[in-house]
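What follows is a set of notes on a single structure, which appears directly below.
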Amino acid sequence: MIYSKITGTGSYTPERVLTNRDLEKIVDTDDAWIRSRTGIQQRHVRAEGQTTSDLALVACQRALAAANLTPADVDLIVVATTTPDMVFPSTACLLQDKLGVTNGTPAFDIQAVCTGFVYALSMADKFVRGGSARCALVVGAETFTNLLDWSDRNTCVLFGDGAGAVVLQPSKTPGIYSTHLHADGRHANMLSVPGAFCAGQANGSPTVKMDGGAVFKFAVKVLDQVCREALEANGLQIADVDWLVPHQANIRIIESTGQKLGIDAGRVVVTVDRHGNTSAASIPLALDLAVRDGRIQPGHKVLLAGVGGGFTWGSALISM
Ligand code: ACO
């Protein structure tokens, strides 16, 4: 039996930090409100001209270095993003060029908003298990602040930019035990950027629209469900899991999910305080930080769980 296993992680956040106090100068909000309602203290914002593939590039270079590999070893690139550099080519193709991968490696984007990384990991897992890839780069990268209306305090305080990446390679031992993906397009209006290009014009609105209360309830419900699905599929209890790495949208969503699952708060990785919600980048960013600070150790069982626009949701149970 061949599994796919994460052999390196990397992440990157732009240098520019936007604190809650900075936001107070832009929009009618305050630090205390943002902290108490979301847990967010700051977020990172891309530099002028910096694109999603630029952020992804650094995260991938760090992940490859952690795995003792070079771009020449890569034979699959999957990028999860909601904020591609352009309509096409895909961000994955642009990233491939920036990385200097010139061997014809397949490269494509996945769009599942904040669940994007879990979707991408699930796709890459199938390539590696099936024998068609031996070194996959799986990336979640976003310049999500591009989609914000900085005068809308309901949404602009929540999001940030960043990228996280993992290297997946074949292994005789797990590895990824299982992945579980879901979507329900009936909830499209709960969270969306309802705009598109049409005949050279931007049609609709190019910024995030959200029913925050409805998103909150839906997110807690499906995160709990999809974590339980992963545990059940592998005959495990939550006590068997060393770390939960959930999508970092809001500390109250994370805490409510943890309480429903019955996992100790000390075993839940939280980075929303320093990154805000970085959409598809949030899970690999959090995973990388917990690997690098030594909390997540080789052999640990880690449950990844995401939820996002679509609506989409999914989980992955992995052994590091
Ligand atoms: N600063 C100050 N006041 C604000 C702000 C702000 N940034 N935003 C809203 N308020 C005000 C509202 O206008 C409202 O005022 P009112 O009572 O005078 O009308 C008051 O605060 C309370 O607003 P609520 O919506 O009731 O606040 P709530 O406690 O529900 O928190 C929040 C709002 C943070 C958006 C919450 O609903 C939430 O976290 N929802 C989940 C949304 C989310 O995480 N989305 C991320 C994308 S989805 C994903 O990643 C899964």
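The values are calculated or read from the model by the stated rules, or taken from the named source; none is laboratory data. Since the model is a prediction, treat every value here as computed from it, not as a measurement. With ideal geometry, Cβ positions are generated from the backbone for all residues, glycine too; neighbour counts draw on all protein chains shown. Remember, those area values only see protein heavy atoms, side chains included, never the ligands or the DNA or RNA. Shrake-Rupley method; radii C 1.70, N 1.55, O 1.52, S 1.80 Å.
Here are the numbers for this structure:
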| quantity | calculated |
| --- | --- |
| Criterion: closer than 26 Å to Phe216 by Cα, open to solvent by less than 60 Å² (accessible area, probe 1.4 Å) and of a type in the set (D, E, K, R) - qualifying residue of Asp109, Asp85, Asp75, Asp31 | Asp31 |
| Residues of the stretch 121-136 classified as farther than 19 Å from Thr9 by Cα and outside any helix (DSSP H, G or I), total | 3 |
| Members of the stretch 39-57 found to be in a strand (DSSP E or B), open to solvent by less than 20 Å² (accessible area, probe 1.4 Å) and either closer than 25 Å to Pro71 by Cα or away from the ligand (no atom under 16 Å from the Cβ) (or both), listed by number | Val45 |
| Answer residue from the stretch 140-154, given it is within 11 Å of the ligand (Cβ to nearest atom) and farther than 13 Å from Thr82 by Cα and is most open to solvent (accessible area, probe 1.4 Å) among those | Arg153 |
| Residue among Leu223, Leu236 that is touching a Leu at 6+ places or on another chain (Cβ under 9 Å) and over 26 Å from Asp152 (Cβ atoms) | Leu236 |
| Residue list for the stretch 163-213, restricted to those being surrounded by fewer than 11 Cβ atoms within 10 Å (Cβ to Cβ) and either outside the structural domain of Ile283 (by TED's automatic domain parsing) or in contact with a strand residue (DSSP E or B) (Cβ under 8 Å, 6 or more places away or on another chain) (or both) | Lys172, Thr173, Ala202 |
| Set Val118, Val113, Val139, Val167: member being closer than 18 Å to Thr13 by Cβ and either of a type in the set (Phe, Trp, Tyr) or under 18 Å from the mean Cα position of the chain (by Cα) (or both) | Val139 |
| Count of residues meeting criterion [open to solvent by 60 Å² or more (accessible area, probe 1.4 Å) and farther than 20 Å from Ala196 by Cα] in the stretch 88-106 | 6 |
| The stretch 12-28, residues that are open to solvent by 70 Å² or more (accessible area, probe 1.4 Å) and over 22 Å from Leu287 (Cα atoms) | Arg21, Lys25, Ile26, Asp28 |
| Filter pass, Ser36 being of a type in the set (S, T, N, Q), closer than 19 Å to Asn154 by Cβ and either within 16 Å of the ligand (Cβ to nearest atom) or part of a helix (DSSP H, G or I) (or both) | yes |
| Options Asn250, Asn203; residue that is touching a residue at least 40 places away in the same chain (Cβ under 8 Å) and in contact with a Phe, Trp or Tyr (Cβ under 9 Å, 6 or more places away or on another chain) | Asn250 |
| Among residues of the stretch 249-287, those that are open to solvent by 20 Å² or more (accessible area, probe 1.4 Å), away from the ligand (no atom under 15 Å from the Cβ), part of a loop (DSSP other than H, G, I, E, B) and over 16 Å from Val222 (Cα atoms), counted | 1 |
| Failed criterion for Arg228 (all others in (1) in contact (Cβ under 8 Å) with a residue 40 or more places away in the chain; (2) more than 14 Å from the ligand (Cβ to nearest atom); (3) among the charged types (D, E, K, R) hold) | (1) |
| Residues that are more than 14 Å from the ligand (Cβ to nearest atom) and either small (Gly, Ala, Ser) or assigned to a loop (DSSP other than H, G, I, E, B) (or both), drawn from the stretch 1-33 | Met1, Ile2, Ser4, Gly8, Gly10, Ser11, Thr13, Pro14, Glu15 |
